[in-house]
Structure formats: C-alpha cells, structure tokens
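The values are calculated or read from the model by the stated rules, or taken from the named source; none is laboratory data. Source: prediction; values computed, not measured. Cβ placement follows ideal geometry from the backbone for every residue including glycine, while neighbour counts extend to all protein chains displayed. Just so you know, the surface numbers come from the protein's heavy atoms only, side chains and all, with ligands and any DNA or RNA stripped out. Shrake-Rupley method; radii C 1.70, N 1.55, O 1.52, S 1.80 Å.
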Amino acid sequence: MDCVEPTLTPADPLVAPDWVAEPDLDRAVASAKAALAERQADDGHWVFELEADATIPAEYILLEHFLDRIDAPLQQRLGRYLRRIQGVHGGWPLYHGGRMDLSASVKAYFALKAVGDDPEAAHMRRARAAILAMGGAERANVFTRFQLALFGQIPWRGTPVMPVELMLMPRWFFFNIWNMSYWSRVVVAPLLVLAAHRPQARNPHGVAVRELFVRDPETVRDWTRGPYRSVWGRVFKLVDAVLRVTDPLSPRLLRRLAIRRARRFVEERLNGEDGLGAIYPAMANSVMMYDVLGIAASEPGPDLAWRSVRKLLVHHGEESYCQPCMSPIWDTGLAGHAMIEAAISEADSGPTAPGLSAASAWLRDRQVLDVKGDWAVQRPDLAPGGWAFQYRNDHYPDVDDTAVVAMLLHRLADPANDEAVERARIWVLGMQSGNGGWGAFDVDNNHDVLNHIPFADHGALLDPPTADVAARCISFLAQLGNPADRPAIARGIAYLRREQEADGSWFGRWGTNYIYGTWSVLCALNVAGLGADDATVRRAVAWLLSVQRADGGWGEDCASFEGATPGRYTQSLPSQTAWALLGLMAAGERDHPATVRGIDYLIRTQDAAGEWQELPYNAVGFPKVFYLRYHGYRMFFPLLALARFRNLGQANSRRVAYGF
C-alpha cells in the first residue's frame, strides 16, 4: 500500500489524515476519469458552461427591447435567473457571495423591469434602495451609462466622447485601436458607430428607470470624476471636454469614411456564428450597429450576428442565462491533460486512448494556420499557428490556449501532432514581448496611459504580459526541450522572477488568483530545470503552505483582486486546492504532509458521481470588473492533481516531467 505519514508539530492547527490509502486514491481517480469521459462529445471535444454575473443576461434582455425582438417566454426564464442570483444586500454582485456592484445592479434592475417585474415588488424595492444608497445610476460605470443612453435614460453627454474617427488613426498616433487589447478593439469598433449615430432603443414597452437616479440626469455635470488613478486621468478629462466641442464639427465626409471603416473592421472579423471576437459585448454591439445603419435583420451580416448572440444562451429547468462566450478549446485542452494523467500508462488500451485521439484530431482541426489576425500588426512576418479559446475566433488566437493545447498534443507523442506542435512553437516564440513575458493575445500591448482615458474606467483596456500566461508559454517551450529556445525561456524566467510578490506568490491574471498564478509559475520553473531548492521556488512553496486551510484544502476569494488578503477564503474549493497541490508537486513536494492533506480533502469531498461541486467563481475576465465561473474546473483540476499524486508515488522519480 502506497501511503505517506505526515509529521505534525503540536502548533500545527491543520486537521491531517494519517495517510492516503492507495485503493481510495485509485477509486477517486477512476471515478473522476469516468465522469469526465462521459462529458466528452462524440466528435472528441469537451465544453462546459462559462458563467459570469448578472450583467450579460441583463444586457441580453435589454438587447431584445432595443431591437423590439422580444421573446417573452425567454425573457421570463432570464428573469428567474436574475432574481435567484440577487444578493442579500439587495443588489447584484460580480461573483458568488461578493459585495454589491452598482453597475451590475442597475442593469439587472432595468432588465427585470423590462421583463415585467413590478417596481414595488419586494425584491425590486430592495434593489432600488441599494442602488440609491450607492449614489444612484448616475455613478454607474461607462458601459452601463452607454446602455442607459441608448434607452434615453441619460443624455449622451453622460458618456465619454469616443469619436468614430478613431478608426482612421494611424499606428504612430498614441491613441489608435491597435494599441488596445483585442477585446477592447472588437467592443469599441461597433460602439463607435453607435456613439456617432446616438440612436434610441425601440423599447416598445417604454421601460424607464428614472427612479434609480439620485439627481435628475439632465442636471448631472460630473459624469466623469475621480478618484483618478494618476494625473493622466485629469489630463484626459480635459481632452474629453475639448472633444465635446470639436466632435460635432467633424466633416461629414470624414465621419462617413470612419463609419465605413468601422463596419469593414467588424465584417472582416464577423466570425460566422461564433460572432465578432466570439465575446458577447462585441457581438451585441455588432447587432445594434447593423440595426442603426439600417441594414435589414435578414441580411447575412445582421443575421449571423444575431445567431451568434443566441448561441450563448444556456437553459436549465425554468431558468436561462447568457454566457459571455464559450470555452471549448480551453476545456478540451484541460480535460485532455487530466485524462492523460489519469491513464494507467501512456499505452493505456482502455477508453482513454481513443478519447484522447479524437480530442487531438478535433484540436488539430481548429489550429489557426491561414489567418493572420490582429496580432500580426505587431508581428507581420510571423506565421500563424495558434489556437483560440472559442470554437472559432481565427483573428484572435491566444498563447495561453496555444501552449496548453500544444503541450497536450506533444505529450500524446502521436506523429500526427508533430507539425501542429511545431507551428505552435514558432508562433509562441514570436509572440514574446520585449520584457520577456507574454500577453494573451498581443505583443507589447502595454501602453498603460490608455487605461486612464474616461472610457477606460474599468482599467482593462490593455493586454500586457502577465505571470500566468508567461508561465504557460515557458512550460510549453521547456517541455519541448528545443535548445534553440533556451534564450527565450531564460528571458521568460527572468521576467517571472521580477514578477514574484513579496510574500512569494504570483498574481494570476486569468484565474483566481494568487494560488492560480503561483501554481502556473511553479510548473514552468520545474520543467525549465530550476531545482526545488531555488530560492524563488522555496518562497513560493512557503506561501502555499501558509495559506492551506484547516480542512486540508485551499481557497481564495475573488476579492483578492480588490485588495483582500491573497490566498484566503471562507471555504476550500476543489479547483484551487488542485492548483495548490499541482504547484507543490511541481516544486518537489509530493510527499509533504500538506500535499497529503490536500489529496485527502479532494478524496473526501468527491461526490458519488465522481465529481466535485463548486459555486464560488474561479476566474476573472477583468479584475475588479468582470469575473467568471468555469463549470469544468471542478472536474479537470482535481482529477489532474489526484492522478499526478498517484503517478509520482508509483514512479522512480518524484519530479514532474511535463509543463502542465
């Protein structure tokens, strides 16, 4: 029997098992593996729900009212979802158990009123009181104010000036669309057309929410106000004031040219039924753009845009909600890593091998090989070779998905994958930024001054290099072991060393949060050859050990993105426990008592179906603004951690041999 006996000091407050029994571990792995295998589609891929907050379903409801394409039964289903997720504070949070967010609450209230909820119903009175207590709808964020302006609830001067002529700005001009992140680019292009036309929603039921304002919107003058993140905020407020005077003076010919440029930008990236940028805000804006331009809904462009939005709807029982996007390539890559780790051997002749073969074929078919997307503006001579996050998003592959998928294909050791892996390697190398790190979608997308314009009150206009993404790229390149890649890996490791926090952790830009970032980096440092005794590694291990919870698990609050203590939460979560365990094992701590306690936690909390349950959100779209719950994380990562613990215990070496 393979077991590890932890040695505890009297001061150790953690509740620890005596050991982990091999039969229990094997049963947990087999059960989780079977549960995940059942979720695989016939064509080989996996896809799980991706849930955000009230904002997206609320915006979808309002979109139907903007267009007067109201699906009344669907609206009622969406309304039930919004009522259920209303917080105890009366408003709506950005994540499970979070504090009230004013902007999300304004949109949710507006949407429920559009659905037909009585403003004097108890839940609406509570919401209204909470919104007014936070300063009213006039204090909502920029995107909410655009929504309110579209419905005539505030004057258009309540939104920042965003001239559509921005589409004509050359690359050398500091404020041009190519200096924005991909997600900003695809959201802004159709929004500029809306701002130029200043349309009013059809709003057939005449729904209004003036009761959400402390002051009459017509009397408000301080729509853009501090606290500013830097002196640039004040500078750009003055620029905004100047633009309010000059924007109406733009020559008509120039404006028409800019609108045509924006439309062409959208249509070149319309992306079939997967939609503009394959993200809801951009898709919805493209639908409204076509409507404002007077193009019939039956025409190919508007029809595609509308169908792309509708594909994001999810239905459960009496409820429905709208996803922000879909995550099949990411889910398939993660599921594949868990499944191959769970296989008894690399030559597993059971159900795993055919499933992984089908997954790899499905993934190979979705590699972007013939489209030079927006990333090519910075790297015009680089050959494409990446994967996107969604089913299709050929203009916007990202290096994170690419590294995860390519590591899986490489590990499968199928010659059919060799060309795909090599194309990915070349592309990832070419996407490295000047500071040694990697951003997700673009190179050197770090013009931070743009995050201080009035439009960017969310602070997420850019896609700069981050530790978690850089770690994934290093993991991929190091797993391949190509000697020519060592200089790039060395620059990346130097970047990661600089990014380590004082407490030993790393910030996780795309997952919650420091546990996610620390796991990602420890995997990279291990496969890149840094020893477990490296000072950087030891500090990270010490931090992970310091935040383990008494039940043996780990958990981190999304509030850590907002200044809360890193690595802490009121409960342990399966996905975050798995990240911590994978990080510890990558750092050579497979036999540490803390690792045993974490494995025991996962075994104890697995349900009869072989799954884990997890309601709190586990990822982030934009820190402080937009959070995500990947429904598949509760299945992928615990299985991967349990299987790795088992495999390392049976191996001659305790060293993790792969980058993920």
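Can you spot a residue in segment 384-396 that is touching a residue at least 40 places away in the same chain (Cβ under 8 Å) and part of a helix (DSSP H, G or I)? Explain how you work it out, then say what you get.
Within segment 384-396, the first condition is being touching a residue at least 40 places away in the same chain (Cβ under 8 Å), and the residues that meet it are 384-396.
When the remaining residues are screened for being part of a helix (DSSP H, G or I), the result is none.
Among the residues of segment 384-396, not one is touching a residue at least 40 places away in the same chain (Cβ under 8 Å) and part of a helix (DSSP H, G or I), which makes the answer no.
This table checks each residue for (1) touching an Asp or Glu at 6+ places or on another chain (Cβ under 9 Å); (2) open to solvent by less than 30 Å² (accessible area, probe 1.4 Å).
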residue: 498; (1), (2): no, no
residue: 501; (1), (2): no, no
residue: 525; (1), (2): yes, yes
residue: 529; (1), (2): no, no
residue: 554; (1), (2): no, yes
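Cβ-Cβ below 6 Å, separation at least six or inter-chain, first residue in segment 632-651 and open to solvent by 10 Å² or more (accessible area, probe 1.4 Å), second hydroxyl-bearing (Ser, Thr, Tyr): which pairs?
634/575
Working only within segment 292-343, note down all residues that are among the basic types (Lys, Arg) and in a loop (DSSP other than H, G, I, E, B). Quick ask: steps written out before the conclusion?
To start, the set of residues in segment 292-343 that are among the basic types (Lys, Arg) comprises 307, 310-311.
The answer is 311, and nothing else.
Does residue 221 satisfy being surrounded by 11 or more Cβ atoms within 10 Å (Cβ to Cβ) and not in a helix (DSSP H, G or I)? Spell out how you get there, then give the answer.
Details: surrounded by 11 or more Cβ atoms within 10 Å (Cβ to Cβ): no; not in a helix (DSSP H, G or I): yes.
Against the criterion (surrounded by 11 or more Cβ atoms within 10 Å (Cβ to Cβ) and not in a helix (DSSP H, G or I)), residue 221 does not qualify.
Taking the condition on the phi > 0 side of the Ramachandran plot and modelled with pLDDT of 95 or more, does residue 101 pass?
Numbers: on the phi > 0 side of the Ramachandran plot: no; modelled with pLDDT of 95 or more: yes.
No; evaluated as a whole, the condition is false for this residue.
Could you list, in sequence order, the residues of segment 426-449 that are over 21 Å from residue 475 (Cβ atoms), touching a helix residue (DSSP H, G or I) at 6+ places or on another chain (Cβ under 6 Å) and not in a loop (DSSP other than H, G, I, E, B)?
The one that is over 21 Å from residue 475 (Cβ atoms), touching a helix residue (DSSP H, G or I) at 6+ places or on another chain (Cβ under 6 Å) and not in a loop (DSSP other than H, G, I, E, B): 449.
Please go through segment 244-271 and pick out each residue that is within 35 Å of the chain's Cα centre (by Cα) and over 20 Å from residue 190 (Cβ atoms).
Within segment 244-271, just 244 meets the criteria.
Which residue out of 491, 411, 497 is among the basic types (Lys, Arg), in contact with a Gly (Cβ under 8 Å, 6 or more places away or on another chain) and in contact (Cβ under 8 Å) with a residue 12 or more places away in the chain?
491 is the lone residue from the list that is among the basic types (Lys, Arg), in contact with a Gly (Cβ under 8 Å, 6 or more places away or on another chain) and in contact (Cβ under 8 Å) with a residue 12 or more places away in the chain.
Kindly indicate the residue of segment 577-610 that is polar (S, T, N, Q) and farther than 11 Å from residue 544 by Cα and also surrounded by the most Cβ atoms within 10 Å (Cβ to Cβ) among those meeting that condition.
606
For segment 170-208, enumerate the residues that are in a loop (DSSP other than H, G, I, E, B), closer than 25 Å to residue 393 by Cα and in contact with a Leu (Cβ under 6 Å, 6 or more places away or on another chain).
Within segment 170-208, 180, 181 qualify.
Checking the condition part of a helix (DSSP H, G or I) and open to solvent by 70 Å² or more (accessible area, probe 1.4 Å), which residue from 234, 255 passes? Steps first, please.
Working: 255 fails: open to solvent by 70 Å² or more (accessible area, probe 1.4 Å).
Within the list 234, 255, the selection yields 234.
Just to be sure I understand, how many residues within segment 441-492 are under 22 Å from residue 511 (Cα atoms), open to solvent by less than 30 Å² (accessible area, probe 1.4 Å) and charged (D, E, K, R)?
Of the residues in segment 441-492, 4 are under 22 Å from residue 511 (Cα atoms), open to solvent by less than 30 Å² (accessible area, probe 1.4 Å) and charged (D, E, K, R).
Determine which member of the set 302, 328, 324 is within 27 Å of residue 441 (Cα to Cα), more than 25 Å from the chain's Cα centre (by Cα) and open to solvent by less than 30 Å² (accessible area, probe 1.4 Å). Break it down into steps so the answer makes sense when it comes.
Details: 328 fails: more than 25 Å from the chain's Cα centre (by Cα); 324 fails: more than 25 Å from the chain's Cα centre (by Cα).
From the options 302, 328, 324, the qualifying one is 302.
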